[in-house]
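Following: one structure in structure tokens, then a few remarks.
The values are calculated or read from the model by the stated rules, or taken from the named source; none is laboratory data. Because the structure is a prediction, the values reported are computed rather than measured. All Cβ positions, even for glycine, are placed from backbone atoms using ideal geometry, and neighbour counts span all protein chains on display. Areas reflect the complete protein model, heavy atoms only, side chains present, ligands, DNA and RNA absent. Shrake-Rupley method; radii C 1.70, N 1.55, O 1.52, S 1.80 Å.
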Amino acid sequence: MASVTSSTLVPPTLVCQTPGSQDALECSIHTLPKPLLREFSHVFGSNYLTFDNINNAAANKEILAIPTNQYAKEDLVAVGDHIEQEKDRLLNVFIEFGKDLCTKLREKGYWADYIDPCSGLPMLSLHCNKVYSEVDGMECLLNYKAYNAGFCKILTHPKWGSSVYPATIFAYAPSSVVKELMNQYPRFAA
């Protein structure tokens, strides 16, 4: 069962980008607790403030995180070509989803960016060179557990174990706008 924390505005829900797609993303919406607000500041600085549209200057904006998790067909702790192919598939699903949601938010005049899960760096904000930890974010926002395997932290999903691919989108917008856009994505029908 997915965890709900004090920062949760919308609990984890399985969505897909197009109706009938088999590529589901578990998405939720959160305000940023203090530890993640510090992390956000290190990664993005004040970039999100420079994307201010005069039309929404008075809007009730807040920094939001939209963590996503995808079920992997393989245990991603394992190694091999088939594991790398699965990671590539999951990366492409997230990139497409992240780009789509960020484009919709930016078209409405709000700042949004998504983290490249491979590098930990923002995809749209320029001049950012600090890395965001997806595992730390999922631990903080969703209370998911992690363990150390050598120098690598491994996320464990409550249902999927380590067969999970985490990635995060951030927005500086009213939560009502983000909720409305998220509700436009079809729910995943297994």
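Tabulated results
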| item | result |
| --- | --- |
| Nearest 10 degrees, 0 to 90: helix 81-107 Cα axis against the chain principal axis | 10 |
| Residues with amide H under 5 Å from that of THR168, placed H, sequence gap 5 or more | THR68, ILE115 |
| Over the range 1-134: Rg over Rh, Cα atoms, Kirkwood Rh | 0.97 |
| Per-residue SASA entry for HIS157, accessible area with 1.4 Å probe, Å² rounded to 10 | 10 |
| Distance from the range 1-46 to the range 80-127 (C-alpha centre basis), Å | 13 |
| Structure-based [θ]222 nm, the chain - -39500 (n - 2.57) summed over DSSP H runs of at least 4, per residue, nearest 500 | -10000 deg cm²/dmol |
| Helix 34-44 vs. the chain, principal-axis angle (Cα, 0 to 90°, nearest 10) | 80 |
| The chain - percent of accessible surface contributed by carbon and sulfur, probe 1.4 Å | 52 |
| Dipole axis of the range 119-188 (+1 Lys, Arg; -1 Asp, Glu on Cβ), positive-most option in LEU141, SER163, LEU121 | SER163 |
| 1.4 Å probe accessible area per residue over the chain, in Å² | 51 |
| Spatial extent of the range 70-185: Rg and Dmax, with the Cα atoms as the point set, Å | 15.0, 44 |
| Distant-in-sequence amide H partners of LEU9 (H built 1.01 Å from N, under 5 Å) | ILE29, HIS30, THR31 |
